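Participant: Could you have a look at this structure, given as structure tokens, before my questions?
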Amino acid sequence: MEAADGWLVRVRPPLGQLTATQADMIARAATHFGNGRIELTSRGNLQLRGLSPETAPHFAQALHACGLGGEDASERRRAILLSPLAGLDPACDSHTLPIARALDAHLATADHLSALPAKFVMGVDGGGYVPTGTIRADITARAHDGKWQVACGDARSDCAPDAVPALMLRLAEAFMQVGGNSRPLHHRGIGMAMFAHLGIVARSRDDDGPAPACPTLVGTLPGRCYAVVPPLGRMAAADLSRLARWCASHGAGLLRMTPGRTIILPGQVRAPDVTGFVTDPHDPRLRVVACIGRQGCACTGADVGADALALAPDVPVGVRLHVSGCPKGCANPGRCDLTLVAAATGYDLCRNARAAETPTLRGLDMVGVRALLHEGHASADTPQHQNGEKTPA
Ligand code: SF4
């Protein structure tokens, strides 16, 4: 994909997980073939920037050499959002990881599903420390009172754990027959029709409502693991390389990229001796989110990332601030307590809204934004999802 700073390449770690060797290789390739900047997306993918038509094929070869795929159709349809602590947290249902692995294996060979919409995603939500309901997907397997359900749009059906992957696959096939391009995550009414297409009498389910509050995934976590966060989801390739090498010599030698833009380090019980990552759950940088802005997108002249980090210490505890280069709101498609949208003169402000909604204040400069943050005009009344959003993406 072409961006203002060159080609952008996305890498999907299988079920979010990379070996330390793979992470180090990606970091080195980002330096060698790109501009040395790496982003962790809200789906737990890695985005490398600044590649060129000449360097991108070499990067693809390097990826394949360490057992990873690129961004072809097969990789896209294997998009699975997984409970961040699956297989680690003793309170997360023990079937979670086996279901996700089986589903991934099914999707790898399901060429007939390549025509699914680009953002179509499946979820496996095993609950535990990260509570059930934080994973939002088009088709979601969810642990519920020791049993499993498969939910899609406005419908759900109980399912034995070992039958869950096949049912999710059949629902995806049914979507291609009856769903058109309206994803069940956004057009809930098609869920019942998808189950009916399979001859399954599903139960209706209420709108999920706000996602349950998710604990901050930074620092020591249940299941003997440690979590770090790249500020704004961005990291220097050299920092990722150092983190990977540190993991190789401590703990399990694995890095798990999660939908919440967190990197979980299984087997680690202390902070890595590496710079460039948030390790304190009270760090104010965890309260802000921003798109790439003018550093990589031609749609804005604002350096929204720099402004977000500059404003972070002024954002009250419990409030989330989204700074967007334009109304598209790429970094946070859902609602946020406060959203600043770069305009011709300064920032426009939306409260408890998406970036595209009508602002309540216009033309704020940084001084004005700071004053507003200190006047207590912010509110935080909606818990956020694992991907940082307050409504489904
Ligand atoms: S929100 Fe606008 S400025 Fe920011 S990355 Fe998306 S299109 Fe570009």
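Computed from the coordinates by the stated procedures, all read-outs in this text should not be read as laboratory data. Keep in mind that this is a model prediction, so the values were computed, not measured. Cβ placement follows ideal geometry from the backbone for every residue including glycine, while neighbour counts extend to all protein chains displayed.
Participant: Nearest 5 percent is fine: what portion of the DSSP beta bridges confined to segment 284-374 is antiparallel?
Facilitator: Given both bridge residues lie in segment 284-374, the antiparallel proportion sits at roughly 55 percent.
Participant: Follow-up question, since we're still on this one. Indicate, rounded to the nearest 5 percent, the antiparallel portion of the DSSP beta bridges found entirely in the chain.
Facilitator: Percent antiparallel among DSSP bridges in the chain is about 75.
Participant: I would also like to ask the following. Given the Cα-Cα distance of residue 173 and residue 306 and 0.36 nm per residue of separation, how much length would full extension add, in nm?
Facilitator: Additional length available on full extension: 43.5 nm.
Participant: What size of dipole, in debye to the nearest 20, comes out for the chain about its Cα centre when the only charges are +1 on Lys and Arg C-beta atoms and -1 on Asp and Glu C-beta atoms?
Facilitator: The calculated dipole for the chain is roughly 180 debye.
Participant: Also: Find the centroid of the Cα atoms in segment 21-55 and in segment 146-202, then give the distance between the two in whole Å.
Facilitator: 35
Participant: Another question, if that's okay. By counting other Cβ atoms within 10 Å of each Cβ, how are 201, 121 ranked from fewest to most?
Facilitator: 201, 121
Participant: Among 134, 267, 232, flag the residue with its Cα farthest along the positive direction of the charge dipole of the chain, charges on Cβ as +1 for Lys/Arg and -1 for Asp/Glu.
Facilitator: 267
Participant: Would you tally the net charge around residue 229, using a Cβ to Cβ cut-off of less than 15 Å, leaving residue 229 out, and scoring K and R as +1, D and E as -1? If you can, show how the numbers build up before the last one.
Facilitator: Details: positive: 234, 256, 261, 285, 287, 320; negative: 39, 239, 280, 283.
My count for the surroundings of residue 229 gives +2.
Participant: Spin-label point model (7 Å from Cα, Cβ direction): what's the residue 145 to residue 61 distance in nm?
Facilitator: Those two pseudo-labels are separated by 5.8 nm.
Participant: Here's a follow-up. Under the definition of Cα pairs under 8 Å and six or more residues apart, what whole-number percent is the relative contact order of the chain?
Facilitator: About 15 percent, as a whole number.
Participant: Moving to a separate point now. Give me the distance in nm between label points sitting 7 Å out from Cα along the Cα-to-Cβ direction at residue 283 and residue 111, one decimal.
Facilitator: With each label point 7 Å from Cα toward Cβ, the separation is 4.5 nm.
Participant: Shifting gears a bit: Highest first, please rank the peptides 7-14, 246-253 by the mean number of other Cβ atoms sitting within 10 Å of their residues.
Facilitator: The peptides rank, most packed first, as 7-14, 246-253.
Participant: Run the dipole for segment 205-322 about the Cα centre, Lys and Arg Cβ at +1, Asp and Glu Cβ at -1, nothing else charged, and hand back the magnitude in debye, nearest 20. Provide the component values of the computation, followed by the final result.
Facilitator: Numbers: 12 positive and 10 negative charges, 81 e Å.
It comes to approximately 400 debye.
Participant: Restricting to Cα pairs below 8 Å that are 6+ residues apart, what does the relative contact order work out to for segment 1-156? Please round to a whole percent.
Facilitator: Averaging sequence separation for qualifying contacts and normalising by length gives 18 percent for segment 1-156.
Participant: Separate question: Run the dipole for segment 25-150 about the Cα centre, Lys and Arg Cβ at +1, Asp and Glu Cβ at -1, nothing else charged, and hand back the magnitude in debye, nearest 20.
Facilitator: Dipole size: approximately 160 debye.
Participant: Quickly rank 357-364, 192-199 as a protection proxy: mean count of other C-beta atoms within 10 Å, highest first.
Facilitator: Top of the packing list down: 192-199, 357-364.
Participant: Another question, if that's okay. At what distance in nm do the modelled label points of residue 182 and residue 366 sit from each other, each positioned 7 Å from its Cα along Cα→Cβ?
Facilitator: Those two pseudo-labels are separated by 4.6 nm.
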